[in-house]
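First comes the structure, then the notes that go with it.
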């Protein structure tokens, strides 16, 4: 069996320059973030080439990269998220909203959640996240299976096997940190119970026609929803209800920001819900602030800080002339100072 270094050396010597310089002219522009990712790969590859003696220098060091100006993702405020839940009359989409906002779950995690991982009968209801639903290319699946590196747990039936180049699967998350337990808010637990009862009725009606995959979010016949189907459902809901346009993943941003506020900045606790490997991802990417919160901070600055400026300076504005008049007044009316002391 070819060792890892042999494979890596072959890649560096035969493919690195084609990776770096193969380019097909198009009208589209390469974004700064894409250039940064390419540079990261090249830097690592040339670094190994230097260690192995194929080059004396790493030409990627000191490169000047274009400045990234990422656009801030549009995110619903707390009030907007509450309004969306209140007016949503689609049971499937409503449960997806509850799980995204209440449990900070990705859409793939929501659609890959199975009832075996939902624990509603304990004193502190929770769910276990250890898989996600995705559509993967058949070639990628086969390549990983050949080297025993496949993370596929379940393959769903393909509707048109002869023409299909992709398959909907249940697979393990990309990172170990994504595997986590999330405690359920009462409202989310109640929505899960409603869906469980609804599915029970569907099974009774369809009998053998029901496909049992034990999915929490499933079609009437038990088959899985795809991410794009829920996305379309979400966009249609926003348009029909005249809500501010956002993408479904932004609900995870809203959830994380809200939990940071409610926990008074307990980043590690929130990180446990989101499943990020690094705590800085919680604050750098998901901690959105809204105008209402910033207005509240401004008010707090007045009452907690600036209002004291007037109080403090008011006692220190007496000049020498005023002090002299005050001394004369006290000498002429000694009872005045006594009455003043008694009243204070």
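By count of other Cβ within 10 Å, fewest leading, how are 278, 80 ordered?
Going from sparsest to densest Cβ surroundings: 278, 80.
In Å and from the alpha-carbon atoms only, list the Rg and Dmax of segment 22-129.
23.4, 65
Going by how many other Cβ atoms sit within 10 Å of their own, how do 209, 132 line up, fewest first?
With the sparsest Cβ surroundings first, the list reads 209, 132.
What is the gain in length, in nm to one decimal, between residue 65 and residue 221 on full extension, counting 0.36 nm per residue of separation less the C-alpha to C-alpha distance?
51.0 nm
Just rank 85, 141, fewest to most, by other beta-carbon atoms within 10 angstrom.
85, 141
Once Rh for segment 123-171 is found with the Kirkwood sum over Cα pairs, what is the Stokes-Einstein diffusion coefficient at 37 °C and 0.692 mPa s, in µm²/s?
Reported coefficient: 268 µm²/s.
Report the extension gain between residue 147 and residue 165 in nm, rounded to one decimal, defined as 0.36 nm multiplied by the number of residues separating them, less their alpha carbon distance.
Going from the current span to full extension adds 4.5 nm.
Tell me the Rg and the Dmax, in Å, that the Cα atoms of segment 87-192 produce.
Over segment 87-192's Cα set, Rg and Dmax evaluate to 16.0, 49 Å.
Arranged from highest to lowest average of other beta-carbon atoms within 10 Å per residue, in what order do the peptides 245-256, 217-228 appear?
245-256, 217-228
Please list the radius of gyration and Dmax for segment 75-134, considering alpha-carbon atoms only, with Å as the unit.
Spelled out, the Cα radius of gyration and Dmax of segment 75-134 are 12.7, 34 Å.
Run the numbers for residue 301 and residue 247: contour at 0.36 nm per residue of separation, minus the present Cα-Cα distance, in nm.
Stretched fully, the residue 301-residue 247 segment lengthens by 16.0 nm.
Quick note: the coordinates plus some simple rules give every number you see, no bench work behind them. If you're wondering where the values come from, they're calculated on a predicted model, not measured in any experiment. As a convention, Cβ positions derive from the backbone with ideal geometry for all residues, glycine included, and neighbour counts pool all protein chains shown.
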